[in-house]
Every structure is written in C-alpha cells, then in structure tokens.
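Below: the structure, in structure tokens.
The values are calculated or read from the model by the stated rules, or taken from the named source; none is laboratory data. It should be emphasised that the depicted structure is a prediction, and the values quoted were computed from it without experimental measurement. In this analysis, Cβ positions are derived from the backbone assuming ideal geometry, glycine residues included, and neighbour counts consider all displayed protein chains.
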Amino acid sequence: MIEFDREYNAYGELSNFYACDLVYQGKHYPSAEHLYQARKYLDHPSDENETYAELVRTTSRPWGAKLLGQRSKMQVFKWPLPLNEIIDAHQPTMCPDWNERKLHVMKEVLLCKFQQSEQCRRVLLATGDAQLVLDMRDPYWGNGKGGGANNLGQLLQEVRAESNISASA
C-alpha cells in the first residue's frame with residue numbers, strides 16, 4: 001500500500017494539487033484540481049458558467065480553484081479574501097447532475113493528467129500494483145483517516161491499469 005497526501009510530499013505527483021500543465025479544450029490548466037473544479041461549470045454551459053470556469057482556471061493556487069469550485073468562502077486566512085469577492089460577484093450554476101457524474105469526470109481529468117504529464121505518469125506507473133490511498137480527512141476522495149471511500153486512490157489504480165497512459169502523449 002502506498003499512502004500519499006500533499007503535492008509536496010512523497011508521491012505528490014498523485015495529488016490533484018500537483019502543478020502540471022494540462023490542456024483541455026485548447027486551454028491550459030495549472031493542475032488537475034483546477035480542471036476538475038472548472039468542469040463543474042463547463043459541463044453546464046452558459047455565459048456566466050463559462051466566465052466563472054475561467055476564473056477557476058486562472059486562479060493562482062489549487063486551493064483557490066477548490067474554494068471557487070465549491071463556492072466556499074474562507075475568512076480565517078488573508079490570501080482567500082479576494083476569492084470571496086469573486087464568489088460574491090458571480091452566480092454560476094453547477095452542473096445539476098454533478099454528484100452522479102463527479103467520479104466519471106475525475107477519471108477523465110486523471111486520464112488527461114497522466115497522458116500529458118510525463119513526470120506524473122512515471123510516478124504513477126512506478127507504484128506497480130500497490131494499493132493507492134489518499135491519506136486525508138476527506139471521507140469521499142480519501143481514506144477519511146480511517147473508513148473513508150478513498151475514491152481518488154481507486155481511480156488512480158484504474159487509470160494506472162489502462163494501457164493508454166503508458167504511451168507518451
């Protein structure tokens with residue numbers, strides 16, 4: 001079993017917050033998190049959603065993309081305060097069937113990441129057939145620090161098993 005968590009720790013390339021230039025529909029995304037969060041709005045097209053998805057795509061940090069994508073305001077730290085203003089200024093509509101689609105979309109994002117980033121692909125393939133576990137409190141994407149679904153780890157194992165990531169993109 002291989003446990004991973006933050007983008008700056010061992011196996012950080014498996015994290016959605018790891019910096020890697022991804023191209024999706026002709027636009028560059030700084031991380032898988034940026035792309036995943038933008039898809040919540042891109043997959044339900046409207047002018048406001050496209051504008052908001054662009055704000056998600058161009059925010060400087062993966063955490064910022066997550067906060068914008070979830071429309072979560074944060075008051076504790078100073079760095080997200082401008083993001084709160086963006087959230088207040090926009091009223092996008094998330095894809096209505098997002099909860100049913102999010103695993104499928106995450107897998108598409110991961111395929112994009114590991115097809116396009118040689119460094120990330122190399123690290124993923126080097127895990128062999130090990131069980132991959134996102135060691136985070138998140139009970140959906142991670143192990144919830146005990147008893148979580150570990151959906152990200154499971155999707156990474158699926159992506160690793162697919163032959164189309166082993167070829168250079």
Residue check, Leu22 against (1) over 21 Å from Glu100 (Cβ atoms); (2) assigned to a helix (DSSP H, G or I), all met but one. Which one?
(2)
Over segment 126-169, the set of residues touching a strand residue (DSSP E or B) at 6+ places or on another chain (Cβ under 9 Å) and among the hydroxyl-bearing types (Ser, Thr, Tyr) is Thr127
Taking the criterion of being modelled with pLDDT of 95 or more and farther than 30 Å from Asp129 by Cα, would at least one residue in segment 2-25 satisfy it?
yes
Please find, within segment 33-53, the residue that is surrounded by the most Cβ atoms within 10 Å (Cβ to Cβ) out of those that are under 16 Å from Val105 (Cα atoms) and acidic (Asp, Glu).
Glu33
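Just to verify a result, which residue in segment 116-132, among those that are surrounded by fewer than 20 Cβ atoms within 10 Å (Cβ to Cβ) and under 30 Å from Gln25 (Cα atoms), is nearest to the chain's Cα centre (by Cα)? Please lay out each step first, then the result.
Filtering segment 116-132 for residues surrounded by fewer than 20 Cβ atoms within 10 Å (Cβ to Cβ) gives 116, 118-119, 122-123, 125-131.
When the remaining residues are screened for being under 30 Å from Gln25 (Cα atoms), the result is 116, 118-119, 122-123, 125-127.
Working: Gln116: 15, Glu118: 17, Gln119: 17, Arg122: 19, Val123: 17, Leu125: 19, Ala126: 21, Thr127: 20 Å.
Across segment 116-132, the extreme among qualifying residues is Gln116.
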Determine, yes or no, whether Lys113 is under 14 Å from the mean Cα position of the chain (by Cα), surrounded by fewer than 18 Cβ atoms within 10 Å (Cβ to Cβ), under 19 Å from Tyr11 (Cα atoms) and at pLDDT 95 or above.
no
For segment 37-50, how many residues meet the condition of being more than 18 Å from Trp141 (Cβ to Cβ) and either without any contact (Cβ under 8 Å) to a residue 40 or more places away in the chain or in a loop (DSSP other than H, G, I, E, B) (or both)?
7
Among residues belonging to segment 1-19 that are out of contact with any Asp or Glu (no Cβ under 6 Å at 6 or more places or on another chain) and in a loop (DSSP other than H, G, I, E, B), point out the one that is surrounded by the most Cβ atoms within 10 Å (Cβ to Cβ).
Tyr11
